[in-house]
Amino acid sequence: MTISINYPSHFQSQARDQVRFLTKKVGYRAAQKFVDTVLDLFEQRVSMFPQGGARCLESAELGFGQYYEFVDTKAQIRVIYRLAESDDSLISALLFLRTRQDLRDQLFQLVLMSP
C-alpha cells in the first residue's frame with residue numbers, strides 16, 4: 001500500500017517556527033537538519049504502520065478521538081496526525097510540537113483554523 005502524507009500550512013508553519021527557535025541555539029543548518037530528521041523518522045514509521053502510533057489521549061479526552069501521535073523521544077518532538085476517514089493510506093500531519101508544549105491549546109487552534 002502506498003501512503004500519502006499531507007503537510008498542511010499550519011503544520012509547515014510550526015516546523016518553520018521550530019527551526020527558527022533552534023537556529024538561535026545551534027545555527028540554521030543544524031536546526032533544519034534536526035527538523036528534517038524528525039520528519040524522516042515520522043514518514044518512515046507511518047509509511048510502514050499508519051495506525052502504529054498511539055492514540056493521542058489528550059485529544060481523545062477533548063472529544064477528538066481520531067488523532068494519533070508519533071513521538072521522537074530522543075528529539076523530544078511529537079507529531080500529531082490523522083488518518084483519512086475513508087482511506088488509511090492518506091495521512092495528514094497536523095501538529096509539530098515539542099513534548100512539553102501544551103497540546104490542548106494547539107488542538108483548539110487547529111480545530112478553529114481548519115475549514
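Bear in mind these aren't lab numbers, they're just calculated from the coordinates by the rules spelled out. No experiment lies behind these values; they were computed from the predicted model shown. When we count neighbours, we look across all protein chains shown, and the Cβ atoms used for this are built from the backbone with ideal geometry, even at glycine.
Some observations on this one:
- Which numbered condition THR2 fails, given (1) of a type outside the set (A, V, I, L, M, F, W, C); (2) part of a helix (DSSP H, G or I); (3) out of contact with any Lys or Arg (no Cβ under 8 Å at 6 or more places or on another chain); (4) closer than 28 Å to ASP88 by Cβ: (2)
- Residues of region 66-104 that are over 28 Å from ALA30 (Cα atoms) and either of a type in the set (Asp, Glu) or touching a His at 6+ places or on another chain (Cβ under 6 Å) (or both): GLU85, ASP87, ASP88.
- Condition met for GLY63 (out of contact with any helix residue (DSSP H, G or I) (no Cβ under 6 Å at 6 or more places or on another chain), in a loop (DSSP other than H, G, I, E, B), over 21 Å from SER4 (Cα atoms) and among the small types (Gly, Ala, Ser)): yes
- For SER92, the conditions (1) assigned to a helix (DSSP H, G or I); (2) surrounded by 14 or more Cβ atoms within 10 Å (Cβ to Cβ) are fulfilled apart from (1).
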